[in-house]
Amino acid sequence: RLYKLLALGFSFPSKELHAAQAELREIAAALYPDLELNQEDVNLLAPEIESFYINVIDGHDQKKECRPYETAWRQGERSMQQWEVKKLYQMFGLEPDPELNELPDHLINELEFMHFLSHQAVEASRGLLADGDSRKQYVHAQKDFLERHLSLWVPKFCTALQEKISEPFYINLAVITERFIMDDLEWVQQQYEDA
């Protein structure tokens, strides 16, 4: 659920995000009681939040931009990296949401992919997948995607975002995302070894 909420958090401010912020705070507080997170509701539908999102996340203000794309934070051939991410999605029968109109390596797409893999791993462990997929294949995919993609750029992105902004909701979001990605990587690696 946290991957889904984080993906929602980095999407354009909406009523759905505004309604989900309390759940995001509750899960984060349960997982990370040591973090001093802002506990206040933020009006995520306010014009200044939209303006922040457009200028910083969408990158319209080049002095403040903090673009949520893997290729913005990693060295190498951008088109090849995007192709690799898209191929991973396709291996599981997925495509980025065309309504988002974002490249495959956008943070929202990558977090949604991890949500899918996590959900499938749970369903497989319960024997609920019709095609008999094993939990291990989904845990392996999570491990691979975290090691080869998310853990290599999301911490840099989250650190930079925290340095460029003062908006409490997005500071919380960056802190939680960075911590969760690295913790989940450790947990998935252990799960893979145990499997």
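The values are calculated or read from the model by the stated rules, or taken from the named source; none is laboratory data. This one's a predicted model, so the numbers in the text were calculated from it and none came from an experiment. Note: ideal-geometry Cβ built from the backbone for every residue, glycine included; neighbour counts use all protein chains shown. The accessibility values were calculated without ligands, DNA or RNA, using every heavy atom of the protein model including side chains. Shrake-Rupley method; radii C 1.70, N 1.55, O 1.52, S 1.80 Å.
Any residue at all in the stretch 65-72 that's of a type in the set (Asp, Glu) and assigned to a helix (DSSP H, G or I)? Yes, the stretch 65-72 contains a residue that is of a type in the set (Asp, Glu) and assigned to a helix (DSSP H, G or I).
Here is a yes/no grid of residues against (1) part of a helix (DSSP H, G or I); (2) without any contact (Cβ under 8 Å) to a residue 60 or more places away in the chain; (3) of a type outside the set (Lys, Arg); (4) surrounded by fewer than 18 Cβ atoms within 10 Å (Cβ to Cβ):
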| position | (1), (2), (3), (4) |
| --- | --- |
| Leu117 | yes, yes, yes, no |
| Ala121 | yes, yes, yes, no |
| Ala124 | yes, yes, yes, no |
| His140 | yes, yes, yes, yes |
| Phe145 | yes, yes, yes, no |
| Trp153 | yes, no, yes, no |
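With respect to the conditions (1) over 30 Å from Gln137 (Cα atoms); (2) outside any loop (DSSP other than H, G, I, E, B), Asn38 lacks only one, and its number is (2). In summary, Gln81 fulfils each of the numbered conditions (1) surrounded by 19 or more Cβ atoms within 10 Å (Cβ to Cβ); (2) over 20 Å from Leu107 (Cα atoms) with the single exception of condition (2).
Among the residues in the stretch 2-16, are any in a loop (DSSP other than H, G, I, E, B), open to solvent by less than 50 Å² (accessible area, probe 1.4 Å) and without any contact (Cβ under 8 Å) to a residue 60 or more places away in the chain? Checking the stretch 2-16: at least one residue is in a loop (DSSP other than H, G, I, E, B), open to solvent by less than 50 Å² (accessible area, probe 1.4 Å) and without any contact (Cβ under 8 Å) to a residue 60 or more places away in the chain. Apart from one condition, Leu44 fits all of (1) assigned to a helix (DSSP H, G or I); (2) open to solvent by less than 60 Å² (accessible area, probe 1.4 Å); (3) of a type in the set (A, V, I, L, M, F, W, C); the exception is (1).
Only one entry of Glu99, Glu167, Glu193 meets the criterion of being out of contact with any Ser or Thr (no Cβ under 8 Å at 6 or more places or on another chain), open to solvent by 60 Å² or more (accessible area, probe 1.4 Å), among the acidic types (Asp, Glu) and within 18 Å of Asp58 (Cα to Cα), and that entry is Glu99.
So that you can scan it fast, the table gives a plain yes or no per residue for (1) open to solvent by 70 Å² or more (accessible area, probe 1.4 Å); (2) more than 25 Å from Gln162 (Cα to Cα); (3) at pLDDT 95 or above:
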{"position": "Ala29", "(1), (2), (3)": "no, no, no"}
{"position": "Glu95", "(1), (2), (3)": "yes, yes, no"}
{"position": "Asp105", "(1), (2), (3)": "no, no, yes"}
{"position": "Glu112", "(1), (2), (3)": "no, no, yes"}
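Among the candidates Gln39, Gln21, the residue that is open to solvent by 50 Å² or more (accessible area, probe 1.4 Å), polar (S, T, N, Q) and in contact with a helix residue (DSSP H, G or I) (Cβ under 9 Å, 6 or more places away or on another chain) is uniquely Gln39. Residues satisfying the criterion are present in the stretch 173-183 (criterion: crowded, with 17+ Cβ neighbours inside 10 Å, of a type in the set (Asp, Glu), in contact (Cβ under 8 Å) with a residue 24 or more places away in the chain and closer than 27 Å to Glu48 by Cβ).
Name every residue in the stretch 73-104 that is of a type in the set (S, T, N, Q), assigned to a loop (DSSP other than H, G, I, E, B) and farther than 22 Å from Lys156 by Cα, in order of residue number.
Correct list: Asn101 only.
Within the stretch 55-62, can one find any residue that is touching a residue at least 12 places away in the same chain (Cβ under 8 Å) and either open to solvent by 40 Å² or more (accessible area, probe 1.4 Å) or more than 20 Å from the chain's Cα centre (by Cα) (or both)? No, because not a single residue in the stretch 55-62 is touching a residue at least 12 places away in the same chain (Cβ under 8 Å) and either open to solvent by 40 Å² or more (accessible area, probe 1.4 Å) or more than 20 Å from the chain's Cα centre (by Cα) (or both).
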